[in-house]
Amino acid sequence: MNGINKITDRIAAETQGEINAVRAEAEAKCREIIASYEKQAQDEYERLIMEGTEDGALQTERLKKAAVMEAKKSVLTMKQEAVDKVLEASVKRICDMPEERYITFLAKLASEAAFTGTEEVIFNRRDCKSGTARAVVAKANELLKKRGILPKLTVSSENGSFSGGIIVKQGDIEVNCCVETLVEMSRDRLAAEIAGALFDE
């Protein structure tokens, strides 16, 4: 699936502006949380000192630890939300790419997923109505022919309920090449790269 890796890598690179905005928001939120807890800790410390309580330092330390833990939890949540946003944007950008590129991309997926060359290819309703489905199958059959595989892929009468991509089906066997599925399969690798770009990890 080198094609999807290249596309998702390029999309991740194109979303650098979004990444920078999320990073700035995360850093500001962390500073705000830590500052809030440090002020609480300092206020509590001063109150305890004024009362002559010896455990003021211990209470302050507890509050500081709580602040750090809260900040870490907030950062983790923000990281996950940022990764989810970038992956959602990746799906949308792949589905909205220029028609010729989209057709070439899907044709390559179909030809790579085909085993016998006689499979049917399931598309979403949009791609069937627009004529994209027929163009993809025609191009995929050309690719199969070049590889010496019987070029008899057909457009399925069935429509899928996915944003973009295809499902290649032969009897009960399906190869899911929906865009959402391909991006999700790359989630761990992409999440690490996106988090690294967002948070300098």
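At-a-glance table
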| item | result |
| --- | --- |
| Those residues of region 66-94 which are of a type in the set (S, T, N, Q) and surrounded by 19 or more Cβ atoms within 10 Å (Cβ to Cβ), in sequence order | S90 |
| Evaluation of S161 against (1) without any contact (Cβ under 8 Å) to a residue 40 or more places away in the chain; (2) within 24 Å of E99 (Cβ to Cβ); (3) surrounded by 18 or more Cβ atoms within 10 Å (Cβ to Cβ) (one fails), failing number | (3) |
| Of residues in region 59-88 being of a type in the set (A, V, I, L, M), without any contact (Cβ under 8 Å) to a residue 40 or more places away in the chain and out of contact with any Phe, Trp or Tyr (no Cβ under 9 Å at 6 or more places or on another chain), the one farthest from E184 (Cα to Cα) | M69 |
| 2 or more residues touching a Cys at 6+ places or on another chain (Cβ under 9 Å) and small (G, A, S): qualifying helices (runs of 4 or more DSSP H) within region 91-176 | 99-113 |
| Selection status of K145, of a type in the set (K, R) and either in the same structural domain as A24 (by TED's automatic domain parsing) or crowded, with 17+ Cβ neighbours inside 10 Å (or both) | no |
| Flag for L63 being surrounded by 13 or more Cβ atoms within 10 Å (Cβ to Cβ), part of a helix (DSSP H, G or I), at pLDDT below 70 and outside the structural domain of R126 (by TED's automatic domain parsing) | no |
| Filter result for L182 (in a helix (DSSP H, G or I), surrounded by 18 or more Cβ atoms within 10 Å (Cβ to Cβ), aliphatic (A, V, I, L, M) and modelled with pLDDT of 95 or more) | no |
| Residues that are closer than 23 Å to R147 by Cα and not hydrophobic (A, V, I, L, M, F, W, C), drawn from region 112-131 | E112, T116, G117, T118, E119, E120 |
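The rows are residues; the columns are (1) in contact (Cβ under 8 Å) with a residue 24 or more places away in the chain; (2) within 22 Å of the chain's Cα centre (by Cα).
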position: P98; (1), (2): no, yes
position: T116; (1), (2): yes, no
position: E120; (1), (2): yes, no
position: R125; (1), (2): yes, no
position: G131; (1), (2): no, no
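The values are calculated or read from the model by the stated rules, or taken from the named source; none is laboratory data. The model shown is predicted, which means the values in this text are computed figures rather than measured ones. Note that we place each Cβ from the backbone using ideal geometry, even for glycine, and neighbour counts take in every protein chain shown.
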